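Notes follow once the structure below has been shown.
A short reminder: the numbers here are calculations on the coordinates, not readings from a lab. In this text the structure is predicted, and so the values were computed from the model without any measurement. Virtual Cβ from ideal backbone geometry, glycine too; neighbours counted across all protein chains shown.
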Amino acid sequence: MIVMIRVRQIKLEVGNTDKLLYYIAKKLKVEKSEIISYKIFKESIDARHKDKILYIYEVDVNVKNEKKVLAYNNNDIFKTPDLDYKLPVCKRKKSVVIVGSGPAGLFAAYILSLANFQPIVIERGKSVDQRVLDVNKFFQTGILNLESNVQFGEGGAGTFSDGKLYTQIKDKENRMRKVLETFVECGACEDIMYSYKPHIGTDLLRDVIKNLRNKIIELGGQFLYNTKLTDLVIKDQKIIGIQVNNQNIINCDRLILAIGNSSRDTFRMLYKNNIKMESKPLAIGVRIQHPQRLIDLSQYGDKYNLDKATYKLTYTTKMKRGVYSFCMCPGGYVINASSNIGQLVINGMSNHNRDSMNANSAIVVTVNKNDYGPHPLDGIKYQEQIESMAYKINNGKIPIQLYKDFKNNIKSNKFGSVKPVFKGDYEFANINDILPIYITNSIKEAIDVFDKKIKGFGMDDAIIAGVETRTSSPVRINRDDNFQTNIKGIYPCGEGAGYAGGITSSAIDGMKVAEAIIKD
């Protein structure tokens, strides 16, 4: 058995990464010839000192005479931990239907398939290739397909996003590594395994999704597209089947609800069926565009010519409102992400190369029951009201405004130094007329503070676009310690159910639910 050694805190100045092997040997106090092989486990960047920016590595090394190396009294050198994901042992197979083919649904299906289940995945939208055609048609013409759009269809809403994979959840069971390994097996670039801020990019993510779907099918799983959950079949407080497309019945004794946070009609149907749920806090705001070069220079300086810089900004206003950047897309696009007639919502998207001229990020403000009411579905109504205003103001075109005019509450009439980068038609409007004043005032107060952290963030010509309303689910479907609702056999999971916040955390939550079913 090969013994791998983990080596931490190997620091190389930008431009010297070709000397990594030399510094590994130096840290281990061995000759380079004694290193049989190595693999990067983690790569991060230290840009606190712009005149000396460092890459910091953790590597796993196969080295001769490993016992001698492990005997060194050095906390940065130790035996590599076990990184394998352990599949639970199946006690009894059940018939499982999974609603939704986003990350939570796909990984629930994949884990179940690996355990020799044959799950059925139903998806209200189309397969990813057909979905891409519908979304591009919408960007070009404004013609919206209600079941095949940026929110609905194979891959979920994350298919038309930045494809960011980093998460802050703890991962003692190595689920996150299993997710990343699976993405690489399905066509993602290998650097997602070690990058400090891994991302796939929407262009590559589409093929990754198809390849993962084919893995599941090869293992016995089944996919049904254009198949919408419209009702539940319940007997003695247990799920025994579902109705799809208002007519057909599919029998099952386990139902995984991996629905997206835009599935408002499904939330309402579940509520009518007495599935316990509660409203949860939201974050509402706008997207802001800057030249990517401005962000690069602020974060990295000009010595190394580094690009694709990101940022994460937070602030608490004088009125105790939280304001923060969300889903920051370097070299990305602001896109029309609408999924309802007469309502408009936007999102950020980027391809793998992140090569557009602009950076964009949501700047959002926390809101809660005090703002929209105590009923479990009140958060949905609140989102809908704001999205309806955003649609009406420009008849479906993305409302945009220069930041100086947003601050001064006047409609813009021309662009300045920042050139617009959008997917979907846009038109100038006064975004102050769309959002509640406690949101707009909070954004303005926060951006003035953010400008002190990133020089130029509050520049007059920055482009504001509205509205960003779907940062997270407005609902949490209650579940117990076994991941089930008050109706036995129903397992809510992922972002839409209120238990995740992004691609990776949703995938991991889907895995947890699959494991619970396997072990049941």
Subject >> Positive-end extreme of charge dipole, the chain - chosen from ALA337, ASN347, GLY260 (charges on Cβ) >> reply: GLY260
Original post:
Considering only LEU20, ASN65, VAL7, whose Cα is most displaced toward the positive end of the charge dipole of segment 5-79, charges sitting on Cβ of Lys, Arg (+1) and Asp, Glu (-1)?
Top reply: ASN65
Subject >> Debye equation applied to the C-alpha atoms of segment 204-281, log10 I(q)/I(0) at 0.17, 0.18 Å⁻¹ >> reply: -0.85, -0.92
**OP:** For segment 129-217, restrict the atom set to alpha-carbon positions and state the Rg and Dmax in Å.
**Re:** 14.6, 47
**OP:** Using +1 at the Cβ of each Lys and Arg and -1 at the Cβ of each Asp and Glu in segment 281-468, identify which of ASN360, PRO399, ASN305 lies farthest towards the dipole's positive end.
**Re:** ASN305
**OP:** Any chance you could check the Cα centroid distance between segment 16-80 and segment 226-280 for me, in angstrom?
**Re:** 51 Å
Original post:
Hey, what does the equivalent ellipsoid look like for segment 324-386, semi-axes from the Cα gyration tensor as sqrt of 5 times each eigenvalue, largest first, whole Å?
Top reply: 29, 14, 8
Original post:
If you place +1 on the Cβ of every Lys and Arg and -1 on the Cβ of every Asp and Glu, how big does the dipole about the Cα centre of segment 206-358 come out, in debye to the nearest 20?
Top reply: 440 debye
Original post:
Which value, in Å to one decimal place, does the Kirkwood hydrodynamic radius take for segment 380-520 when every pair of different Cα atoms is included?
Top reply: 17.9 Å
**OP:** For segment 5-79, evaluate the Debye formula with one uniform point scatterer on each Cα (no solvent term) and list log10 I(q)/I(0) at q = 0.11, 0.17, 0.23 Å⁻¹, rounded to two decimals.
**Re:** -0.27, -0.61, -1.01
Subject >> Taking the C-alpha atoms of segment 47-162, convex hull volume expressed per residue in Å³ >> reply: 232 Å³
**OP:** In vacuum, with every alpha carbon of segment 143-284 counted as one equal point scatterer, what does the Debye formula give for log10 I(q)/I(0) at q = 0.18 Å⁻¹? Two decimals, please.
**Re:** -1.27
**OP:** Starting from the Kirkwood radius over alpha-carbon pairs of segment 389-438, derive D by Stokes-Einstein at 37 °C in a medium of 0.692 mPa s and give it in µm² s⁻¹.
**Re:** 289 µm²/s
Original post:
Once all Cα-Cα distances of the chain are split into 10 Å bins that start at 0, what whole-number percent is in each one?
Top reply: 4, 18, 26, 25, 17, 8, 2, 0
Original post:
How much of the DSSP beta bridge set in the chain is antiparallel, as a percent to the nearest 5?
Top reply: 75 percent
**OP:** Please report, in debye to the nearest 20, how large the charge dipole of the chain is about its Cα centre when each Lys and Arg carries +1 at its beta carbon and each Asp and Glu carries -1 there.
**Re:** 1000 debye
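Please report the antiparallel percentage of DSSP beta bridges with both residues in segment 281-468, rounded to the nearest 5.
Counting only bridges with both partners in segment 281-468, antiparallel ones make up about 85 percent.
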Original post:
What per residue convex hull volume, in Å³, do the alpha-carbon atoms of segment 281-468 yield?
Top reply: 109 Å³
Subject >> Of LYS42/LYS64; LYS39/LYS308; LYS27/LYS67; LYS312/LYS381, pairs whose Cα-Cα distance is over 18 Å >> reply: LYS42/LYS64; LYS39/LYS308; LYS312/LYS381
Original post:
What is the dipole size for segment 270-370, taken about its Cα centre, with +1 at each Lys and Arg Cβ and -1 at each Asp and Glu Cβ, in debye to the nearest 20?
Top reply: 540 debye
Original post:
Between SER361 and residues 5 or more places away or on another chain, which pairs have amide H atoms under 5 Å apart, with H built 1.01 Å from N, and which residues are they?
Top reply: ILE288, CYS329
